[in-house]
Amino acid sequence: MSKSLGNTCFADANAIELAYALTELPNLENLNLGANLIRDAGLTSLSIVLAGNQTKIKNLNLCDNNFTSKGAIHLFRALEKTIHLKQLVLNINKLDVVDVKALAVALAKNKSLESLFIGKCNLDDHSASIIANALSMNKTLKTLQLWGNKITDEGARALMEVLENYNSTITCIDLDDNPISDEVLEDINDLVKQNNDIQKEYEDMPKKYQKSQQPSENTAEEEEEDEKEIRKIECAILEEEQQAKAASLAQEDTGDFERLESAKQTHPEVEVNDGKTLKWVGMQGDSRDGFLHSKLEPQA
């Protein structure tokens, strides 16, 4: 069963209603929500249903919508847990580095996704390197679309290294409309062709031999190494979120900050009750409460 609601001005309220309805549509496998107005609340509601495996959707199109990092992270955390989703289309959505790191964690953990479309998502070399790292741990993804981004030879070589040494399952990778040299593209295409040959050879085998040729399960040591890599990415996500929060608070508090800067010029010293004199030296974020506080140091 398929449902196409693309380009219908489908917004948050509609997405939330749909999320409730999905649990009553067990035969729905293809859902097109592309080119709509879905923001964070709507995407979060849909993600909750996906995370709980309350729907058997295999193909989900969310291209060209209006969600931000807040909604994207919920989607990628759902991708860690879903067991039915095989294709996810996110083309023409802006993904920042926090989103990409959350996606990387999902790719490292997910065991069902076969096709990922993240064309024109504002990805750069750093994003490509993060994705490449996740692909070294992924055993199911076959198609990866990265067209229309800002990936150069540096990011492409990170992907190439993974294809050469760690991943034999990617059989289609689209890097069109990126500033990548023809030489590097040719090398990547050769590696993808090699993967195609490996997969075709596997498919042509008698079924009784196929299982023995499947990628072996990771050893306990390899699983531990993968978990360490995933935890590193998750810690990096948390750090990026905290930095983004502090930056947002600083921007919101610009007026107060400017007034305090002015006060620093006219009243650079603050006298406290015990007679000591402290000097106001600026503002600093507090990771415990996420707010900015005045920073005072003893006057020399």
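The values are calculated or read from the model by the stated rules, or taken from the named source; none is laboratory data. Keep in mind that what you see is a predicted model, and the values were worked out from it rather than measured. Don't worry about glycine lacking a Cβ; one is built from the backbone with ideal geometry, like all the others, and counts go over all protein chains shown.
General remarks:
- Hits in the range 123-155 - residues which are closer than 15 Å to N167 by Cα, of a type in the set (K, R) and modelled with pLDDT of 95 or more: K142
- Qualifying residue in the range 148-159 (condition: assigned to a helix (DSSP H, G or I) and basic (K, R)): yes
- Between V105, V89, V97, the distinction of being in contact (Cβ under 8 Å) with a residue 60 or more places away in the chain and either aromatic (F, W, Y) or in contact with a Phe, Trp or Tyr (Cβ under 8 Å, 6 or more places away or on another chain) (or both) belongs to V105 only.
- Residues of the range 165-195 satisfying the condition of being over 23 Å from the mean Cα position of the chain (by Cα), surrounded by 15 or more Cβ atoms within 10 Å (Cβ to Cβ) and not hydrophobic (A, V, I, L, M, F, W, C): D187, N195
- Of the strands (runs of 3 or more DSSP E) entirely within the range 1-107, those holding at least 1 residues that are buried (at least 17 other Cβ atoms within 10 Å of the Cβ) occupy 30-32, 59-61, 87-89.
- Tally of residues being surrounded by fewer than 21 Cβ atoms within 10 Å (Cβ to Cβ) and either aromatic (F, W, Y) or under 14 Å from I92 (Cα atoms) (or both) across the range 113-142: 2
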